Structure formats: structure tokens, C-alpha cells
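What follows is one structure encoded as C-alpha cells, with my remarks underneath.
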Amino acid sequence: MPPPPPAPEHDPGRAPALLIVDGANVVGSVPDGWWRDRRGAAERLRDRLAGYVAGGVPGVPGPLEIVLVLEGAARGVPSVPGVRVEEASGSGDDHIVRLAAAAVDRIRVVVTADRELRQRVTATGATTVGPRTVYGPVSGPGSEFGSGSEFGSGS
């Protein structure tokens, strides 16, 4: 895997980078029994994401605004400080595309392995990363990012 591109510059006067997480796709990328308790798996992902707000994720430095998009049996998970949970009323992918398209004035990164969704959000000007980006080591303020970044990959 090629090294990640340089991290986008964050202007302190601009809104933080927006990290939009495809909850169903990311939860489904880890075979940890999520299918027995989809809501519990979504809660674990939400809590993990909260650790990235200040320090960022590989290739995307913090601070981050994080939106976790859920659908189906994972609905009902409340937001926590740093992670806003949004329930898609229909297609989660459509909701993610709308979020990415509405935030054109800032850095937007969508976490998913779904090829079609990657193409759709890239067309809005957003960047994509794979699920491993949020399953690596959590970065704290001032720490260096871990390896395994998929920033900008198309797989």
C-alpha cells in the first residue's frame, strides 16, 4: 500500500474536518459477532470514534466533527460528546451523500469500504478512507498517527 498523502492543512479559523462514518459498512467490516447485536456494535463504534475527535485519524488531523450514520437494526443509539449519531430514514448511503454534499466549505472525509458510495461522495468533493482507519490505534492530541491509513484509496 502506498504511503498516505500529506495531511490536509487545517486552518484554525475554519470549521473542523467532517468525518462521516458509514456505520453499517464499518461495523460489518469486523467479524466480531456484530450480527447478534447490531445496536451494541454501533454503540461500540460510536464510543471508539469519540477517541478520534481531538487527535484525528490517520491522514486527517483533528479536531474532527464526527457524524455516525446508522440505519436498520442499529437505530436508537444516542449521540455522545464529539460524535453525532444520525439515523437514516431511508438509505444510509443516500443520507451520507447528502451530508457530504451539504458541507462543501470544509474538509469532508467519508469512512466506508462501499465502492459505489465512495464514487458518489467523491463526486461531491469529499475524500474517502476505509474502515481500518477507525480501527487502528486511537490518536491523542499531539500524538503521531498510526499506520494503516487508507486515505484516498479507492478500494
*Using only protein heavy atoms and a 1.4 Å probe, report how much of Asp93 is accessible, in Å² to the nearest 10.*
30
*Treating the beta-carbon of each Lys and Arg as +1 and of each Asp and Glu as -1, no other charges, what is the dipole magnitude of segment 17-62 about its Cα centre, to the nearest 20 debye?*
80
*For segment 78-119, state the semi-axes of the equivalent ellipsoid (square roots of 5 times the eigenvalues of the alpha-carbon gyration tensor), sorted largest first and rounded to whole angstrom.*
18, 15, 11
*So how much accessible area does Asp105 have, in Å² to the nearest 10, using a 1.4 Å probe?*
110
*Considering Cα pairs under 8 angstrom that are at least six residues apart, work out the relative contact order of segment 39-104 and quote it in whole percent.*
30
*Report the extension gain between Arg36 and Val80 in nm, rounded to one decimal, defined as 0.36 nm multiplied by the number of residues separating them, less their alpha carbon distance.*
13.5 nm
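The values are calculated or read from the model by the stated rules, or taken from the named source; none is laboratory data. Predicted, not measured: the structure shown is a model, and the values here were computed from it. When we count neighbours, we look across all protein chains shown, and the Cβ atoms used for this are built from the backbone with ideal geometry, even at glycine. All accessible areas refer to the heavy atoms of the entire protein, side chains included, with ligands and DNA or RNA removed. Shrake-Rupley method; radii C 1.70, N 1.55, O 1.52, S 1.80 Å.
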